[in-house]
1. If a residue must be more than 26 Å from Lys90 (Cβ to Cβ) and either surrounded by fewer than 16 Cβ atoms within 10 Å (Cβ to Cβ) or hydroxyl-bearing (Ser, Thr, Tyr) (or both), how many such residues does region 19-72 contain?
2. Which of the residues spanning region 34-64 are closer than 30 Å to Ala129 by Cα, assigned to a helix (DSSP H, G or I) and of a type in the set (Lys, Arg)?
3. So which residues in region 92-109 are in a strand (DSSP E or B) and without any contact (Cβ under 8 Å) to a residue 40 or more places away in the chain?
4. Quick check on Gln13: is it in contact with a helix residue (DSSP H, G or I) (Cβ under 9 Å, 6 or more places away or on another chain) and within 28 Å of Asn241 (Cα to Cα)?
5. On the phi < 0 side of the Ramachandran plot and in contact (Cβ under 8 Å) with a residue 60 or more places away in the chain: does that describe Pro20?
6. Of the residues that sit in region 154-171 and are among the aliphatic types (A, V, I, L, M) and crowded, with 23+ Cβ neighbours inside 10 Å, which one is nearest to Met58 (Cα to Cα)?
7. Report yes if some residue within region 38-48 is among the hydroxyl-bearing types (Ser, Thr, Tyr) and either in the same structural domain as Ala116 (by TED's automatic domain parsing) or in contact with a His (Cβ under 8 Å, 6 or more places away or on another chain) (or both); otherwise report no.
8. Give the residues of region 91-122 that are farther than 20 Å from Leu23 by Cα and buried (at least 24 other Cβ atoms within 10 Å of the Cβ), sorted by residue number.
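The values are calculated or read from the model by the stated rules, or taken from the named source; none is laboratory data. Computed from a predicted structure; not experimentally measured. Every residue, glycine as well, gets a Cβ built from its backbone with ideal geometry; the counts of neighbours run over all protein chains shown.
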Amino acid sequence: MSDYVSSVSAALQQRYADQPEYLQAVLTWLEMIAPALEDDPIYERVDLLTRMVEPDRMLSFTVPWMDDKGYAHTNHGYRVQFNSAIGPYKGGLRFHPSVNPSIVKFLGFEQTYKNALTGLPIGGAAGGADFDPRGKSNREIMRFCQSFMIALYRLIGADTDIPAGDIGVGAREIGYLYGEYKRLTGKAESSALTGKGLTYGGSLIRQEAAGFGTVYFLARMLEHQGETLEGKRLAISGFGNMSWGVCRKSAELGGKVVT
């Protein structure tokens, strides 16, 4: 590993020792790309690595909301706008008790490269809050989403940063968020958020796309080895926005989901 990669790694570990998920992602990536940097000093001269592994900005804010019994609660919200080198920031929002700055930065870092691989001109971002939608009424989730958007709406937009759904944020939550965005901005800017319902600007098979795409990729890998999914036993983690699509498409292609 070059001295430059080693120095960037050491600086990250010292600065973000309390962010294990983020560190694991960026240190693994640095180790992987290290051989490609050894023959040209230009990368160190322009300090390219630091700008690739550090986000453009990290935003944090409080999200106060009222439950159905009239009690006030305060959660913590985040948005990391990681990299916009090839286009506007783009990435999901996650509502889950585990959400913290380390998780959000890890997701934003990974999203940057996932988006780049699509060939589309979009950058990488991520966000969310340590709010748990489970056990909450629709009205409570609506009030939380409205408060979350009040803190976020100035920082997003079709040409700036485009949130989407993730764990705990489905079409219902996106609908509440988008409705509040329209109210606050006075603009029906449909492309400001993705993952909306079909009746108000959503995309056909948006819910199925991630899970189906994963299985199609798996099928092509097996095909390369002269095999198919027919009769294969699959173990799938969870049953969220992505996993149910994996289960459905696997079954259609002859796979047997056992857990």
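1. Here the count works out to 16.
2. Arg51
3. Those that are in a strand (DSSP E or B) and without any contact (Cβ under 8 Å) to a residue 40 or more places away in the chain: none in region 92-109.
4. Values: in contact with a helix residue (DSSP H, G or I) (Cβ under 9 Å, 6 or more places away or on another chain): yes; within 28 Å of Asn241 (Cα to Cα): no.
So Gln13 fails the test.
5. Criteria met by Pro20.
6. Ile156
7. Looking through region 38-48, none of the residues is among the hydroxyl-bearing types (Ser, Thr, Tyr) and either in the same structural domain as Ala116 (by TED's automatic domain parsing) or in contact with a His (Cβ under 8 Å, 6 or more places away or on another chain) (or both).
8. Leu93, Phe95
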